[in-house]
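Chemist: Right, I'll just put the structure down here and ask away after.
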Amino acid sequence: MPLLTKARSFLRNLFSTRRVEKDLDQEIHSHLELLIEENIRAGMSPGEAARAAQIELGGAEQVKEQVREARLGNWLYSVLSDARYSLRVLRKSPGFTIVAVLTLALAIGANSVVFGVLNAMILRPLNLPREQSLYGIERVGQDDPVQSYPDYLDLRDRNQSFESLAAYRITEAGLATGESASRIFLLEVSGNYFDTLGIQPYLGRFFHASDERGPNSAPYIVLSYAFWHTRFQGDCSVVDRTVQINKHPFTVIGVAPSEFHGTLLFASPDLFLPMVNEEQIEGRNVLAARNIPWIYLALGHLKAGVTPAQAISDLNSIGSYLEKTYPKEYNQVRFSLSRPSLYDESLGSRVEAFLTGLMLLAGLILLAASANLGGLFAARAADRSREVALRLALGAKRGRILRTLFTEALLISLAGGALGLWGSVVLLHGLSAWQPLPRYPISVPVNPDANVYAVALVLALVSGLLFGVVPVRQVLRTDPYQIIKAGSTGTLGRRVTLRDLLLVVQIAICAVLVTSSIVAIRGLVRSLNSNFGFEPRNAMIVSADLGMAGYNGDKLLEMQKRMVEAMQTTPGVESVGLIDWAPLISGAYADSDVFTGETADLRPSNAAAVSFLFRISPEYFHAAHTAVLSGRTFTWHDDKAATRVAVVNREFASKIFRSPAKAIGGFFKIQDGSRIQVVGIVEDGKYKGITEDPRPAMFVPILQSPSRETILVVRSSLDPLQLTAAIRNTLRDLDRGLPSYIETWSKELDNFAFFPSHVATISLGVLGVMGAMLAVTGIFGMAAYSVSKRLKELGIRVAIGARPKEVLQAALGRAVKLLAFGSAAGLLLGILASRVLAFIVYSATPRDPLVLGGVVLAMALVGLLATWIPAQRALSIDPAILLREE
Amino acid sequence: MKPEQTTLLQGTLDMLILKSLLAGEMHGLGVSRRIQQLTQGTFSVKPGSLFPALHRMEEEGWISAFWGDSENNRRAKYYRLTKAGRKQLEAETEKWGRISWAIAQALEA
């Protein structure tokens with residue numbers, strides 16, 4: 001009952017404010033009249049009575065205010081009324097409000113976008129149960145986190161540290177439910193994969209370790225939820241249906257839950273298939289081969305109480321066992337643990353470093369924005385010192401005035417935060433839906449979650465408090481008597497103030513951002529024009545999956561030869577070459593240990609080098625425009641019957657044969673013992689990534705070393721669209737059911753090799769522009785404020801004959817000095833920071849006159865832009881008018 | 001009345017108001033005069049303390065308010081004790097009795 005009364009009063013106080021206030025007013029009024037009446041009855045004259053009554057009441061407004069303070073919900077009411085008041089004040093200066101809200105929206109938006117990505121990539125990557133104890137296993141000293149199947153079995157069965165150890169690899173295949181096959185991406189997984197991760201099927205069942213009984217014993221597939229919807233329309237009767245994968249029958253046994261996309265963050269597979277059926281997918285049986293690493297990752301949960309360090313030493317003891325048992329295959333086997341979601345530790349740590357760097361920059365931008373707004377708020381508070389003084393004189397408490405200032409700051413920060421968050425949510429959703437590589441199911445799933453919203457809110461509140469606190473001291477020091485008497489022409493401090501420092505920091509940050517974006521852009525432009533050891537312009541990449549179409553053995557070679565010939569006769573085509581994995585655009589590469597021709601003991605530790613291995617058709621170098629430095633290339637006569645031959649790059653020749661001259665005609669050996677003769681030398685190139693150092697590469701004829709991977713390089717100066725249609729026709733004439741993919745080589749390079757530098761350049765560019773905008777508002781605020789504060793002084797200077805140059809110097813000298821100082825500091829820091837960039841962007845170097853010039857120019861532009869309006873104002877001072885006004 | 005006394009009376013003001021209203025419904029000035037009378041002029045309650053207390057007690061549900069006419073046909077806001085208010089008065093009286101007895105004991109000792 002009393003609770004109900006209280007609730008009713010609370011609501012009434014909040015919502016029927018007008019009625020409550022009227023009631024109070026009437027009550028006080030009637031009280032006064034009753035007092036007067038009483039006094040008259042006691043014999044006073046009406047005038048005296050009224051006076052005495054007033055004295056006893058002691059100020060109607062004060063009494064009312066005391067009653068208000070005693071009311072239920074008073075705090076909320078006063079917060080609301082502060083908010084209303086602040087809104088009114090802000091509406092009166094829309095320019096200030098819009099600039100402040102937009103500045104914050106940009107800064108908070110940038111922060112929540114970067115945090116959203118960081119959150120999705122690093123903080124909650126796979127959304128699996130107990131993810132913190134899930135680790136992947138990597139061989140130390142390997143480029144990729146790959147193992148052979150027997151290695152995996154040894155690791156799985158001999159370790160003491162993992163609850164269980166699963167393995168997977170990602171690959172593509174052709175899936176047919178009726179006539180024609182379509183291309184799908186799948187995870188080949190170990191039987192215990194789902195059980196190790198601890199997930200349950202959405203529909204049907206998963207396969208288990210017990211389903212594996214040797215090669216090709218488990219013809220089952222589990223569909224991903226998304227694929228089940230797009231390909232099978234969410235049909236529940238799909239379970240137990242048989243489909244053809246690479247022309248082998250597989251039974252659908254279940255559907256994975258919708259939130260499960262496999263264990264690789266970037267890639268969402270269409271289905272999951274037992275690894276023991278590898279031969280049916282890839283056309284090779286490597287389950288027993290110890291020296292062919294093809295499994296991406298082994299991963300599992302550490303047992304309770306086992307630390308990562310203990311697990312590593314446990315794995316290393318298995319490594320020593322492997323070294324001892326198979327001395328021919330292994331040199332040194334050491335393991336490390338990795339987070340499994342980002343492929344491998346080297347990628348994972350790079351992504352993490354990059355995102356952490358971006359987060360830091362975004363944080364700095366927010367700090368700069370807060371500093372800026374703090375400056376603007378302080379300037380505003382100074383301009384309003386007369387109003388503040390008046391309110392103080394009328395009896396307002398300082399606390400109350402501070403509260404309205406804080407309310408203004410918080411209103412702005414919340415509005416900015418909401419706007420920024422809205423923008424970032426749109427951006428993050430767009431990013432999640434984006435598929436950068438049209439050919440592969442690669443995406444960046446960064447949908448925002450509660451964490452992102454919470455962080456944006458906290459950032460908004462913190463920055464609001466940060467810049468709200470700047471004018472506090474000013475208000476606390478306000479002496480109403482002095483200000484009303486003297487006016488607000490306070491002297492501008494000559495010493496270095498906190499505000500100056502903030503501005504310098506901000507300009508420095510801006511300069512860092514501008515420096516790194518110019519470095520990134522320069523690097524990108526240079527890498528677009530650099531020599532890769534082939535010419536991507538005017539060339540098409542045609543990749544055809546012969547494996548999916550069921551080609552094998554001799555039929556495969558014959559088909560590959562026919563494809564090259566058919567392409568060559570296509571009108572407009574200048575030359576055609578075939579390669580198994582084209583450089584810089586393929587996810588996978590073959591490499592091989594290489595031994596000198598005299599080596600007898602072919603154990604890995606005796607290898608002279610590790611070399612990329614490419615299998616090509618005779619015309620490849622011609623089609624790719626790879627310069628042949630000496631010797632010859634292949635012919636169609638370099639077949640199984642002839643001596644095994646290779647063309648190597650210059651790096652290979654100097655590593656194995658000491659000099660390119662000695663290489664021609666020389667022999668080297670590979671792991672399986674074959675002796676191969678070098679017949680030609682080609683220029684060095686980039687093979688796996690554009691930032692790599694020169695690495696040895698060898699090219700062998702496809703006739704001597706067959707491969708199902710078939711990529712045709714078609715050189716032609718025809719229009720790509722026209723050419724694509726012609727190529728498609730030619731392929732259709734060869735085989736109707738052949739799945740293929742056609743794209744220009746340059747576009748493919750953009751998609752693969754340049755992707756990271758594009759991302760880095762774009763994000764740095766965006767941050768750079770934002771930083772510049774912030775610096776402009778910061779300098780502008782400071783310059784405009786200083787000009788308006790010193791109008792009188794400047795007017796006097798003009799009156800006694802100062803020239804425009806001197807006026808500008810007086811008005812803006814300080815701002816320009818700060819700008820120069822901040823830019824220099826930022827440039828230095830930016831040059832240091834660019835070393836980090838060199839890992840992502842090809843040949844990013846800050847020691848480049850163009851970069852230095854660009855930064856100086858950009859900062860000068862920023863300064864010019866920011867001081868233009870204040871300078872105009874200072875120059876247009878008319879002392880006569882000014883002095884009359886004051 | 002000195003300000004110190006007001007703070008001293010903070011807890012007892014409620015009790016005095018409730019006690020005054022026990023005699024029947026009355027307006028703010030009435031309550032103020034009644035307290036003066038009850039305490040034989042020792043306490044006079046200023047409007048600045050009286051009205052906040054009245055409004056707070058109304059929100060607590062101890063008293064209820066309504067608009068009525070005074071003896072001279074002037075509209076005034078009247079307060080009357082509620083059931084909860086009676087209970088509160090009993091509780092406070094009992095508590096006050098204990099406290100004043102204890103303090104008296106302490107001072108005599």
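Chemist: Test each condition in (1) among the polar types (S, T, N, Q); (2) in a helix (DSSP H, G or I); (3) modelled with pLDDT under 85 for residue A:127 and report the one that comes out false.
Modeler: It is condition (2) that residue A:127 fails.
Chemist: Another question, if that's okay. Would you point out which residue out of A:265, A:337 is outside any loop (DSSP other than H, G, I, E, B) and in contact with a helix residue (DSSP H, G or I) (Cβ under 7 Å, 6 or more places away or on another chain)?
Modeler: Numbers: A:265 fails: outside any loop (DSSP other than H, G, I, E, B).
When all the criteria are applied, what remains is A:337.
Chemist: What strands (runs of 3 or more DSSP E) completely inside region A:652-728 contain at least 1 residues that are assigned by TED's automatic domain parsing to the domain that holds residue A:615, under 38 Å from the mean Cα position of the chain (by Cα) and hydroxyl-bearing (Ser, Thr, Tyr)? Break it down stepwise before answering.
Modeler: Working: elements: A:667-670, A:675-682, A:697-701, A:709-716.
Ranges flagged: A:709-716.
Chemist: Continuing with this model, one more query. For region A:355-362, does any single residue satisfy the condition of being more than 25 Å from residue A:504 (Cα to Cα), outside the structural domain of residue A:764 (by TED's automatic domain parsing), in a helix (DSSP H, G or I) and of a type outside the set (Asp, Glu)?
Modeler: First, the residues of region A:355-362 that are more than 25 Å from residue A:504 (Cα to Cα): A:355.
Imposing the further condition that a residue be outside the structural domain of residue A:764 (by TED's automatic domain parsing) reduces the set to A:355.
Remaining after also requiring in a helix (DSSP H, G or I): A:355.
Next cut, of a type outside the set (Asp, Glu) only: A:355.
Looking for residues that are more than 25 Å from residue A:504 (Cα to Cα), outside the structural domain of residue A:764 (by TED's automatic domain parsing), in a helix (DSSP H, G or I) and of a type outside the set (Asp, Glu), one finds at least one in region A:355-362, hence yes.
Chemist: For region A:111-129, check the following and say yes or no: at least one residue is of a type in the set (Lys, Arg) and more than 22 Å from the chain's Cα centre (by Cα). Lay out the reasoning, then the answer.
Modeler: Filtering region A:111-129 down to residues of a type in the set (Lys, Arg) leaves A:124.
So of that shortlist, the ones also more than 22 Å from the chain's Cα centre (by Cα) come out as none.
Checked region A:111-129: no residue is of a type in the set (Lys, Arg) and more than 22 Å from the chain's Cα centre (by Cα).
Chemist: When you go through A:683, A:709 one by one, which is the residue that is more than 25 Å from residue A:281 (Cα to Cα) and surrounded by fewer than 21 Cβ atoms within 10 Å (Cβ to Cβ)?
Modeler: Numbers: A:709 fails: more than 25 Å from residue A:281 (Cα to Cα).
It is A:683.
Chemist: Return yes or no: is residue A:26 within 14 Å of chain B (Cβ to nearest Cβ), over 24 Å from residue A:372 (Cβ atoms), polar (S, T, N, Q) and crowded, with 16+ Cβ neighbours inside 10 Å?
Modeler: Numbers: within 14 Å of chain B (Cβ to nearest Cβ): yes; over 24 Å from residue A:372 (Cβ atoms): yes; polar (S, T, N, Q): yes; crowded, with 16+ Cβ neighbours inside 10 Å: no.
It is false that residue A:26 is within 14 Å of chain B (Cβ to nearest Cβ), over 24 Å from residue A:372 (Cβ atoms), polar (S, T, N, Q) and crowded, with 16+ Cβ neighbours inside 10 Å.
Chemist: Against the definition (aromatic (Phe, Trp, Tyr) and more than 14 Å from every other protein chain (Cβ to nearest Cβ)), how does residue B:43 come out, yes or no?
Modeler: Numbers: aromatic (Phe, Trp, Tyr): yes; more than 14 Å from every other protein chain (Cβ to nearest Cβ): yes.
Answer is yes for this residue.
Chemist: Right, something else. Name the one entry in B:50, B:9 that is in a helix (DSSP H, G or I) and at pLDDT 85 or above.
Modeler: Values: B:9 fails: at pLDDT 85 or above.
One residue alone meets the criteria, B:50.
Residue-by-condition table, conditions (1) polar (S, T, N, Q); (2) within 14 Å of another protein chain (Cβ to nearest Cβ):
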{"site": "A:45", "(1), (2)": "yes, no"}
{"site": "A:59", "(1), (2)": "no, yes"}
{"site": "A:77", "(1), (2)": "no, yes"}
{"site": "A:80", "(1), (2)": "no, no"}
{"site": "A:100", "(1), (2)": "no, no"}
{"site": "A:110", "(1), (2)": "no, no"}
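Chemist: When you scan region A:82-90, do you find a residue that is more than 30 Å from residue B:83 (Cβ to Cβ), small (Gly, Ala, Ser) and out of contact with any His (no Cβ under 6 Å at 6 or more places or on another chain), even just one?
Modeler: So in region A:82-90, the residues more than 30 Å from residue B:83 (Cβ to Cβ) come out as A:82-90.
Next, only the ones that are small (Gly, Ala, Ser) stay: A:83, A:86.
Still in the list and also out of contact with any His (no Cβ under 6 Å at 6 or more places or on another chain): A:83, A:86.
Yes - at least one qualifying residue is present in region A:82-90.
Chemist: Is it fair to say residue B:68 is modelled with pLDDT of 85 or more and in contact with a Leu (Cβ under 9 Å, 6 or more places away or on another chain)?
Modeler: no
Chemist: If you don't mind, another one. Take residue A:611 and tell me if it is among the polar types (S, T, N, Q) and either at pLDDT 90 or above or buried (at least 17 other Cβ atoms within 10 Å of the Cβ) (or both). Write out each step before concluding.
Modeler: Values: among the polar types (S, T, N, Q): yes; either at pLDDT 90 or above or buried (at least 17 other Cβ atoms within 10 Å of the Cβ) (or both): yes.
Yes; evaluated as a whole, the condition is true for this residue.
Chemist: Turning to a different aspect of this structure: Against the condition within 14 Å of chain B (Cβ to nearest Cβ), more than 24 Å from residue B:27 (Cβ to Cβ) and not aromatic (Phe, Trp, Tyr), how does residue A:73 come out, does it pass? Break it down stepwise before answering.
Modeler: On the way: within 14 Å of chain B (Cβ to nearest Cβ): yes; more than 24 Å from residue B:27 (Cβ to Cβ): yes; not aromatic (Phe, Trp, Tyr): yes.
Answer is yes for this residue.
Chemist: Outside any helix (DSSP H, G or I) and within 13 Å of another protein chain (Cβ to nearest Cβ): which single residue out of B:64, B:32 fits that description?
Modeler: Values: B:32 fails: outside any helix (DSSP H, G or I).
Unique residue meeting the criteria: B:64.
Chemist: Another one. Just to be sure before I move on: is residue B:97 part of a loop (DSSP other than H, G, I, E, B) and either more than 9 Å from chain A (Cβ to nearest Cβ) or under 20 Å from residue A:31 (Cβ atoms) (or both) in the structure I sent? Please lay out each step first, then the result.
Modeler: Working: part of a loop (DSSP other than H, G, I, E, B): no; either more than 9 Å from chain A (Cβ to nearest Cβ) or under 20 Å from residue A:31 (Cβ atoms) (or both): yes.
For residue B:97, the condition - part of a loop (DSSP other than H, G, I, E, B) and either more than 9 Å from chain A (Cβ to nearest Cβ) or under 20 Å from residue A:31 (Cβ atoms) (or both) - is not met.
Chemist: Related question: Please go through region B:46-68 and pick out each residue that is touching a residue at least 40 places away in the same chain (Cβ under 8 Å) and farther than 15 Å from residue B:80 by Cβ.
Modeler: B:46, B:49, B:53
Chemist: Only residues that are facing chain A (nearest Cβ under 8 Å) and among the hydrophobic types (A, V, I, L, M, F, W, C): list them for region B:46-61, please.
Modeler: Across region B:46-61, the qualifying residues are B:51, B:53.
Chemist: Can you tell me how many residues in region A:798-822 are modelled with pLDDT of 85 or more, surrounded by 15 or more Cβ atoms within 10 Å (Cβ to Cβ) and of a type in the set (Lys, Arg)?
Modeler: 0
So that you can scan it fast, the table gives a plain yes or no per residue for (1) free of Cβ contacts under 8 Å to residues at least 12 places away in the same chain; (2) surrounded by 15 or more Cβ atoms within 10 Å (Cβ to Cβ):
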| residue | (1), (2) |
| --- | --- |
| A:586 | no, yes |
| A:605 | no, no |
| A:623 | no, yes |
| A:626 | no, yes |
| A:637 | yes, no |
| A:640 | no, no |
| A:644 | no, yes |
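Chemist: Next question. When residues of region B:67-77 are filtered for being at the interface with another protein chain (Cβ under 7 Å from one of its Cβ atoms) and touching a Phe, Trp or Tyr at 6+ places or on another chain (Cβ under 7 Å), how many remain?
Modeler: Narrowing region B:67-77 to residues at the interface with another protein chain (Cβ under 7 Å from one of its Cβ atoms): B:70, B:72, B:74-77.
Okay, now just the ones that are also touching a Phe, Trp or Tyr at 6+ places or on another chain (Cβ under 7 Å), so B:75, B:77.
Looking only at that region, the number is 2.
Chemist: Something else: Can you find a residue in region B:58-72 that is surrounded by fewer than 21 Cβ atoms within 10 Å (Cβ to Cβ), over 30 Å from residue A:19 (Cα atoms), more than 12 Å from the chain's Cα centre (by Cα) and among the aliphatic types (A, V, I, L, M)?
Modeler: No, because not a single residue in region B:58-72 is surrounded by fewer than 21 Cβ atoms within 10 Å (Cβ to Cβ), over 30 Å from residue A:19 (Cα atoms), more than 12 Å from the chain's Cα centre (by Cα) and among the aliphatic types (A, V, I, L, M).
Chemist: Hey, does region A:731-752 have a residue that's among the acidic types (Asp, Glu), touching a residue at least 12 places away in the same chain (Cβ under 8 Å) and in a helix (DSSP H, G or I)? Lay out the reasoning, then the answer.
Modeler: First pass over region A:731-752, keeping only residues among the acidic types (Asp, Glu): A:733, A:735, A:743, A:748, A:750.
Filter again for touching a residue at least 12 places away in the same chain (Cβ under 8 Å), leaving A:733, A:735, A:743, A:748.
From what's left, in a helix (DSSP H, G or I): A:733, A:748.
Within region A:731-752, one or more residues are among the acidic types (Asp, Glu), touching a residue at least 12 places away in the same chain (Cβ under 8 Å) and in a helix (DSSP H, G or I).
Residues checked against (1) without any contact (Cβ under 8 Å) to a residue 60 or more places away in the chain; (2) touching a strand residue (DSSP E or B) at 6+ places or on another chain (Cβ under 6 Å); (3) part of a loop (DSSP other than H, G, I, E, B):
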residue	(1), (2), (3)
A:285	no, no, yes
A:289	no, no, yes
A:293	no, yes, yes
A:311	no, yes, no
A:315	no, yes, no
A:318	no, no, no
A:327	no, no, yes
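Chemist: Answer yes if at least one residue in region A:249-260 is of a type in the set (Gly, Ala, Ser), out of contact with any strand residue (DSSP E or B) (no Cβ under 9 Å at 6 or more places or on another chain) and either under 24 Å from residue A:445 (Cα atoms) or not in a loop (DSSP other than H, G, I, E, B) (or both), and no otherwise. If you could, list the steps in order and put the result at the bottom.
Modeler: Of the residues in region A:249-260, the ones of a type in the set (Gly, Ala, Ser) are A:254, A:256, A:258.
Next, only the ones that are out of contact with any strand residue (DSSP E or B) (no Cβ under 9 Å at 6 or more places or on another chain) stay: A:258.
Cutting the leftovers down to either under 24 Å from residue A:445 (Cα atoms) or not in a loop (DSSP other than H, G, I, E, B) (or both) gives us A:258.
Scanning region A:249-260, I find at least one residue that is of a type in the set (Gly, Ala, Ser), out of contact with any strand residue (DSSP E or B) (no Cβ under 9 Å at 6 or more places or on another chain) and either under 24 Å from residue A:445 (Cα atoms) or not in a loop (DSSP other than H, G, I, E, B) (or both), so the answer is yes.
Chemist: Here is a follow-up. For region A:30-47, how many residues meet the condition of being surrounded by 14 or more Cβ atoms within 10 Å (Cβ to Cβ) and not hydrophobic (A, V, I, L, M, F, W, C)? Talk me through it step by step, then tell me what you get.
Modeler: Step one: filter region A:30-47 for residues surrounded by 14 or more Cβ atoms within 10 Å (Cβ to Cβ), giving A:30-40, A:44.
Now drop any that are not not hydrophobic (A, V, I, L, M, F, W, C), which leaves A:30-31, A:33, A:37-39.
Within region A:30-47, residues that are surrounded by 14 or more Cβ atoms within 10 Å (Cβ to Cβ) and not hydrophobic (A, V, I, L, M, F, W, C) number 6.
The values are calculated or read from the model by the stated rules, or taken from the named source; none is laboratory data. Since we're looking at a predicted model, the values are computed, not measured. Positions of Cβ are backbone-derived with ideal geometry, glycine not excepted, and every protein chain shown enters the neighbour counts.
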